[in-house]
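Engineer: The following block contains the structure, expressed as structure tokens.
The values are calculated or read from the model by the stated rules, or taken from the named source; none is laboratory data. Small disclaimer: the values here were computed from a predicted structure and weren't measured. Cβ placement follows ideal geometry from the backbone for every residue including glycine, while neighbour counts extend to all protein chains displayed.
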Ligand SMILES: [Zn+2]
């Protein structure tokens, strides 16, 4: 499978950017030896045009940034965020959310609207992209929503989105589907429109059974109410739909050893299946519910340590393609309600790189595996072009950090709206210190630049912000 076919993209699609010479950095995942040479990265019009040992590139009077010998990785690509704007801006917003992204080293995001208005028409998705472009500080893609309402305009929607989101199961957010024949028809429509289906996989009948079995449930039983079996059966069904309809499937936020095994087998079968997980499914387990209470209430639920270990193995062997946050913010006074009334979801985009580096510090992933899971492999899993690699021709998105410098997470100080975190009080390393997006400095020495005044009011419009992500090629994505 050829993932990148950038030759097929007209140059005019490139959104451009700044000129910058980034000097004296170490390409971290490639070479962590202390004797590794310092490198310079040249960015012209937003794209990397040369990488060479420090001093070998001509300065030519261009703007320079001295990296101070810090570690450099590509800007992170978070393939799964909910910024709730428009619709529920008291929970988040594009300016505040994308400030959180920059704090976490994220320069590209894929956003999923799970509050009205859903993107089920060409007008809705076009309006949405224009709205986001005036507010996001990072580059972005928005998913379409796959409902029977979307089918008449699906080809027009498909031309504007990386993929189309389908909820299997009704009880999360809005727009869920639980009729098997309807779901099969939606897979067929997506394949015909040439776009990948991104699926939230939880079987509604098993979720109903879980609620019935645990009528007085607490946060500690959330993983039993929304069981491992509910995910496994739903993944099995989604793969059967893919096998029948063709096209491509991306399983979002995979949480179980059983689900991972089904994806492994489907990949071996040659099906175009991708899967991503979220930091909480590998850094936390259901045993943490005792101390975190409903902060850890997310859908799908956080499962056992054994499930987390299976996901890590799958990240290493390529079964799971990447890590996306599923950043799903709620106000703290909603999350401190009793179990039945607390909404599901947690924020984490502000911490994506330090959380991913934590997996290296724990010995779970190599540096190269960790970086790939939030950069190039994440981009590939959503067919995003030009992002996630420090290579000539790719966008000049760079994050600098010190892997040995640690800091204790203070949730109240994080830039996104929630001000609470499951990782509050945890000592993490490698907080991004410099963040560059298409040659433009978004964060310098830990300070996010360029946004003055109110801290991202919902109505605030930003200049020179993020641009729509480009897809790997202008061609149908039916790989089957
Ligand atoms: Zn989500």
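Engineer: Within segment 320-333, can you find the residues that are within 24 Å of the chain's Cα centre (by Cα), away from the ligand (no atom under 12 Å from the Cβ) and not in a strand (DSSP E or B)? Even if it seems obvious, please write down each step before you answer.
Structural biologist: Going through segment 320-333, the residues within 24 Å of the chain's Cα centre (by Cα) turn out to be 320-332.
In the following step, the residues that additionally are away from the ligand (no atom under 12 Å from the Cβ) were identified as 320-323, 330-332.
Answer for segment 320-333, where residues must be within 24 Å of the chain's Cα centre (by Cα), away from the ligand (no atom under 12 Å from the Cβ) and not in a strand (DSSP E or B): 320, 321, 330, 331, 332.
Engineer: Identify all residues within segment 243-302 that are within 15 Å of the ligand (Cβ to nearest atom), in a helix (DSSP H, G or I) and touching a strand residue (DSSP E or B) at 6+ places or on another chain (Cβ under 8 Å); write none if there are none. Walk me through how you get there before you give the answer.
Structural biologist: Restricting attention to segment 243-302, the residues satisfying the condition of being within 15 Å of the ligand (Cβ to nearest atom) are 250-255, 275-281, 297-302.
From what's left, in a helix (DSSP H, G or I): 279-281.
Hits for segment 243-302 are 279, 280.
Engineer: Looking only at segment 414-446, which residues are modelled with pLDDT of 95 or more, surrounded by fewer than 17 Cβ atoms within 10 Å (Cβ to Cβ) and outside any loop (DSSP other than H, G, I, E, B)?
Structural biologist: Passing the criteria: only 427.
Engineer: So, in segment 346-382, how many residues would count as being buried (at least 24 other Cβ atoms within 10 Å of the Cβ) and outside any helix (DSSP H, G or I)?
Structural biologist: 5
Engineer: Report, by residue number, each residue of segment 410-433 that is farther than 19 Å from residue 333 by Cα and touching a strand residue (DSSP E or B) at 6+ places or on another chain (Cβ under 6 Å). Explain how you work it out, then say what you get.
Structural biologist: As a first pass, look at segment 410-433 and keep what is farther than 19 Å from residue 333 by Cα: 425-433.
Result: 427, 429, 430, 431, 432, 433.
Engineer: It is to be established whether one or more residues within segment 306-317 are part of a loop (DSSP other than H, G, I, E, B) and touching a residue at least 60 places away in the same chain (Cβ under 8 Å).
Structural biologist: Pass one, segment 306-317, residues part of a loop (DSSP other than H, G, I, E, B): none.
No, segment 306-317 contains no residue that is part of a loop (DSSP other than H, G, I, E, B) and touching a residue at least 60 places away in the same chain (Cβ under 8 Å).
Engineer: So is residue 404 outside any helix (DSSP H, G or I), touching a residue at least 24 places away in the same chain (Cβ under 8 Å) and out of contact with any helix residue (DSSP H, G or I) (no Cβ under 6 Å at 6 or more places or on another chain) or not?
Structural biologist: yes
Engineer: In addition: Could you check how many residues of segment 193-210 are in contact (Cβ under 8 Å) with a residue 40 or more places away in the chain and more than 10 Å from residue 238 (Cβ to Cβ)? Write out each step before concluding.
Structural biologist: Just the residues of segment 193-210 that are in contact (Cβ under 8 Å) with a residue 40 or more places away in the chain, to begin with: 194-202.
Subset that is more than 10 Å from residue 238 (Cβ to Cβ): 194-196, 198, 202.
The qualifying residues number 5.
Engineer: Sort out for me the strands (runs of 3 or more DSSP E) sitting completely within segment 35-150 that have 3 or more residues that are within 16 Å of the ligand (Cβ to nearest atom) and surrounded by 15 or more Cβ atoms within 10 Å (Cβ to Cβ). Reasoning before the result, please.
Structural biologist: Working: elements: 39-44, 47-53, 64-66, 71-74, 76-81, 106-111, 139-142.
Ranges flagged: 76-81, 106-111, 139-142.
Engineer: Looking at (1) farther than 22 Å from residue 228 by Cα; (2) touching a strand residue (DSSP E or B) at 6+ places or on another chain (Cβ under 7 Å); (3) assigned to a helix (DSSP H, G or I), can you tell me which one residue 182 breaks?
Structural biologist: (2)
Engineer: Sticking with this structure for a sec: Taking segment 351-376 on its own, how many of its residues are within 30 Å of residue 159 (Cα to Cα) and either touching a helix residue (DSSP H, G or I) at 6+ places or on another chain (Cβ under 9 Å) or at pLDDT below 95 (or both)? Even if it seems obvious, please write down each step before you answer.
Structural biologist: First pass over segment 351-376, keeping only residues within 30 Å of residue 159 (Cα to Cα): 352, 371-376.
Filter once more, so that each one left must be either touching a helix residue (DSSP H, G or I) at 6+ places or on another chain (Cβ under 9 Å) or at pLDDT below 95 (or both): 352, 371-374.
Summing the residues that are within 30 Å of residue 159 (Cα to Cα) and either touching a helix residue (DSSP H, G or I) at 6+ places or on another chain (Cβ under 9 Å) or at pLDDT below 95 (or both) in segment 351-376 gives 5.
Engineer: Condition first: at pLDDT below 90 and closer than 25 Å to residue 356 by Cβ. Can you find one or more residues in segment 8-16 that meet it? Break it down stepwise before answering.
Structural biologist: Of all residues in segment 8-16, those at pLDDT below 90 come to 8-16.
Remaining after also requiring closer than 25 Å to residue 356 by Cβ: none.
No, segment 8-16 contains no residue that is at pLDDT below 90 and closer than 25 Å to residue 356 by Cβ.
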